[in-house]
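The values are calculated or read from the model by the stated rules, or taken from the named source; none is laboratory data. The structure presented is a predicted model; accordingly, all values stated were derived computationally and were not measured. Cβ: placed from backbone, ideal geometry, glycine included. Neighbour counts: every protein chain shown.
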Amino acid sequence: MLSSRLQFCKLFRKEECPYQREMERAYLIPQLLDSAQIREYESLCLSCLKGEHQRRKNHRVPVSFLVSCQSIDRASIGAKAYNLSAEGIAIKTKYSVSRNEILGMEFLVPSRSSPLRVLGEVVWRQFHGDTKGGQETLSVGIKFLYIEDSLRSAIEKYLLKASDR
């Protein structure tokens, strides 16, 4: 957890973190720390929040790309992603999905040439009523359940590039 938080902390990356030395030690040589020290450093990082301008534990980046989802009953669901983190994705769709529903997803982040395929669980949803076109929309938050390390790494690289813009 600490390493992913530090990757996205703007103060840490700019070397302006109030706990820079401690965080570098915890990030660069965690094998020299015992579990109590690691928890202490995680607590310092969580208490700072100066480099984190959102309440969420994972850094999210606004995005805009199409996502193809498939439910357990094999129904195909079209959606548009509007934010992405290493742990999940938020989409807008006109199709109904339920909380705790498992979805297979396929999407192409702008920096990749091949699509990412992941399995996710709907953790929240918010109904938006009628839009200009008379269609109902639903915002859905999906937590990645299974994602290969190489794919998570590709997402993290994309997020780092996107957050520097």
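Odds and ends about this structure:
- Checking Ala154 against (1) modelled with pLDDT of 85 or more; (2) out of contact with any Phe, Trp or Tyr (no Cβ under 8 Å at 6 or more places or on another chain); (3) of a type in the set (A, V, I, L, M); (4) closer than 21 Å to Cys9 by Cα, the condition it does not meet: (1)
- Gln54 vs. criteria modelled with pLDDT of 70 or more and more than 16 Å from Val123 (Cα to Cα): no
- Residue match in region 75-97 (condition: modelled with pLDDT of 75 or more, exposed (fewer than 12 other Cβ atoms within 10 Å of the Cβ) and among the acidic types (Asp, Glu)): no
- Conditions (1) of a type in the set (S, T, N, Q); (2) more than 14 Å from Ser139 (Cβ to Cβ); (3) without any contact (Cβ under 8 Å) to a residue 40 or more places away in the chain: number failed by Ser111: (3)
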